[in-house]
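Structure first, commentary second.
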């Protein structure tokens with residue numbers, strides 16, 4: 001079981017499932033249980049690459065903080081694809097003639113003076 005802990009990766013698991021599995025294996029590595037920094041680092045290193053970078057950038061101080069950040073980030077990443085098509089449909093892919101699709105649509109700005 002210690003080897004299973006050493007090789008543990010998130011893979012296709014949701015963050016909550018990965019965290020539960022991680023916590024259950026802590027019983028087999030007592031030298032890690034009391035080492036908050038080691039526990040946090042091991043958890044973060046086992047995350048999928050896209051989560052690893054984002055959680056690490058948030059500099060969590062504890063294992064619990066790392067789990068919470070990873071869970072929040074995963075949730076926001078899962079919600080993101082539903083927001084992207086709306087922006088694409090506003091003219092980025094269907095640009096009017098004479099305007100390159102890489103240009104941002106111009107908006108009128110009104111002054112509130």
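The values are calculated or read from the model by the stated rules, or taken from the named source; none is laboratory data. Predicted model, so just to flag it, every value in this text is computed and none were measured. Virtual Cβ from ideal backbone geometry, glycine too; neighbours counted across all protein chains shown.
Give the residues of segment 24-46 that are in contact with a helix residue (DSSP H, G or I) (Cβ under 9 Å, 6 or more places away or on another chain) and farther than 22 Å from residue 59 by Cβ, sorted by residue number.
25, 26, 27, 28, 29, 31, 33
Would you tally the residues in segment 5-20 being in a helix (DSSP H, G or I) and either buried (at least 16 other Cβ atoms within 10 Å of the Cβ) or without any contact (Cβ under 8 Å) to a residue 24 or more places away in the chain (or both)?
Residues meeting the conditions: 7.
Take the residues in segment 47-59 that are touching a helix residue (DSSP H, G or I) at 6+ places or on another chain (Cβ under 8 Å) and not in a helix (DSSP H, G or I); name whichever of them is modelled with the lowest pLDDT.
Across segment 47-59, the extreme among qualifying residues is 58.
Taking only segment 21-45 into account, find how many residues are surrounded by 15 or more Cβ atoms within 10 Å (Cβ to Cβ) and not in a helix (DSSP H, G or I).
1
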